[in-house]
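Here the structure comes first, spelled out in structure tokens, and everything after it is commentary.
The values are calculated or read from the model by the stated rules, or taken from the named source; none is laboratory data. Quantities reported herein were computed from a predicted structural model and do not represent experimental measurements. So basically every Cβ, Gly included, is an ideal-geometry build from the backbone, and we count neighbours across all protein chains shown. Remember, those area values only see protein heavy atoms, side chains included, never the ligands or the DNA or RNA. Shrake-Rupley method; radii C 1.70, N 1.55, O 1.52, S 1.80 Å.
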Amino acid sequence: MDIAEITAVLRQASTVDSRERDRVCEAAAAVLIDAGVEPPFDVPTSDFAADPWLICADRYWRRRFLDAPAVEVAARCARWLADHAHTDHVTDIAEKWSLGYAFITKDTVESREDLTVATGRIIEQFQGSADICYFATVYHAGKLRANFWFDELHQFLESSLLAVAAGPHRADPLFVALRAFAGFGSRALTAEYASELLDQAWTASSRSRGVIDVCLNALWAASPFDAQGEQLRQHATEAVTEYPGDHLFRFRLATGQRMCESYDEALDSIDAALRLLPAIGSRVSHKLLQEQYMRERDMIQEGRQRARVAADQQRRWQQQDEANHELQHTLQTSAIRAVELVAVFTAAIAFAVGSLQVTLTGTLGLGDRIVLLAALGGGLLLFALLIIAGTWIITGRRRAPDL
């Protein structure tokens, strides 16, 4: 298969089904790799599902990165993309390639020394092009991100020669989002610092899907902080609204909802993510994503079950607490009634004893005895009333905090 034949095959590939198109593009990319020739055609769109030219170029550079996962290959890829992709689609393709190729080669992080040497070569070979250095920077940063090396990522983005050579691109939303990712995961940086960077990237007018992906990933992978789940849920909700067919954003939304203990909503979101997950492309990638989504679904189910058990326990505790209060009230009321009864009974006995002494002894006349008995009865009645009133006052103060 020569170059002319490759061009003809790719031109016809736009009319076949997706599996056949992938097979044709993969074969064409293999021929280019074997011939040591970069794709000689231009890429007119950023459609990774239907554009055979882009698919073939993607397969080609994927093989190149797997063979030599280095920032120098990333620089050559950036140069080819600038020369062969339509201007309107360069940014979308560059973000997808730099982060995607970083993920599949994350187990080959270049050392600081090798990176320094490679950076010097890139700057010399490409005359310090900020665009090329930026692509290579994002590629290496993507590896650190994929490995969750937060502090290394922060140091690389802040002070490496390659990142500095990216020049004005250091203010791009994707670069800022990667800084936010490093900040959220680092123990040396604060969540407030990372949140400011994330807000800056999120509200940028040129925010792309790649920026949204890194921002949501940053909140998902962050060291625990207050309102983490709520922030992830809010941002993921906005992302799903903007990209309703994106399975990854549905997955992030499900995670945020689970962290906020909205388990029913989280279950709906993760099921939607599983339905949207395409069973095309790399089988390994599909399998890994499906396994990750299923683990999240299991966590949601477990959380849902724990919430039900906790609710049942809370309900039983509340019922027991109400029963305890009722029993306490009953015992307290019974004690009050007992005190009242004792006071009345004591007063009655005292009156009876006193009245007998007045009636059976002494020389007082009938009228005087009646007055004396009335005074005795009134005094004892007042005594009983004072005892009852004091009991009510004391027990009323004790009950006041429970009201």
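Results, tabulated for the structure shown:
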read-out: Ala239 vs. criteria free of Cβ contacts under 8 Å to residues at least 40 places away in the same chain, at negative phi, assigned to a helix (DSSP H, G or I) and in contact with a Phe, Trp or Tyr (Cβ under 8 Å, 6 or more places away or on another chain); value: yes
read-out: Residue pairs meeting the criteria (Cβ under 7 Å; at least 6 apart or on separate chains; first on the phi > 0 side of the Ramachandran plot, in the stretch 104-132; second open to solvent by less than 30 Å² (accessible area, probe 1.4 Å) and modelled with pLDDT of 95 or more); value: Gly128/Ala165
read-out: Residue that is closer than 26 Å to Ile123 by Cα and open to solvent by less than 20 Å² (accessible area, probe 1.4 Å), where the choices are Leu178, Leu219, Leu161; value: Leu178
read-out: Qualifying residue in the stretch 257-265 (condition: under 11 Å from the mean Cα position of the chain (by Cα), more than 21 Å from Val176 (Cα to Cα) and of a type in the set (S, T, N, Q)); value: yes
read-out: Filter result (among the basic types (Lys, Arg), within 16 Å of Trp149 (Cβ to Cβ) and not in a helix (DSSP H, G or I)) within the stretch 161-209; value: Arg187
read-out: Unique match (being under 23 Å from Ile300 (Cβ atoms) and not basic (Lys, Arg)) among Pro168, Pro224; value: Pro224
read-out: Residue list for the stretch 271-292, filter: at pLDDT 70 or above and in contact with a helix residue (DSSP H, G or I) (Cβ under 9 Å, 6 or more places away or on another chain); value: Asp271, Ala272, Ala273, Leu274, Arg275, Leu276, Leu277, Pro278, Ser285, Leu289, Gln290, Gln292
read-out: Test result for Val117, of a type in the set (A, V, I, L, M, F, W, C) and open to solvent by less than 70 Å² (accessible area, probe 1.4 Å); value: no
read-out: Subset of the stretch 56-91 (residues that are part of a helix (DSSP H, G or I) and within 20 Å of Arg21 (Cβ to Cβ)); value: Cys56, Ala57, Asp58, Arg59, Tyr60, Trp61, Arg62, Arg63, His84, His89
read-out: Residue that is nearest to the chain's Cα centre (by Cα), among those in the stretch 38-70 that are open to solvent by 40 Å² or more (accessible area, probe 1.4 Å) and acidic (Asp, Glu); value: Asp47
read-out: Unmet criterion (only one of (1) among the charged types (D, E, K, R); (2) surrounded by fewer than 17 Cβ atoms within 10 Å (Cβ to Cβ); (3) within 33 Å of the chain's Cα centre (by Cα)) for Glu95; value: (2)
read-out: Residue that is modelled with the lowest pLDDT [pool: residues in the stretch 4-37 that are under 27 Å from Asp88 (Cβ atoms) and open to solvent by 70 Å² or more (accessible area, probe 1.4 Å)]; value: Thr15
read-out: Failed item in (1) open to solvent by 40 Å² or more (accessible area, probe 1.4 Å); (2) within 28 Å of Leu161 (Cβ to Cβ), with Gly100 passing the rest; value: (1)
read-out: Condition met for Asp271 (under 20 Å from the mean Cα position of the chain (by Cα) and either open to solvent by less than 60 Å² (accessible area, probe 1.4 Å) or not polar (S, T, N, Q) (or both)); value: yes
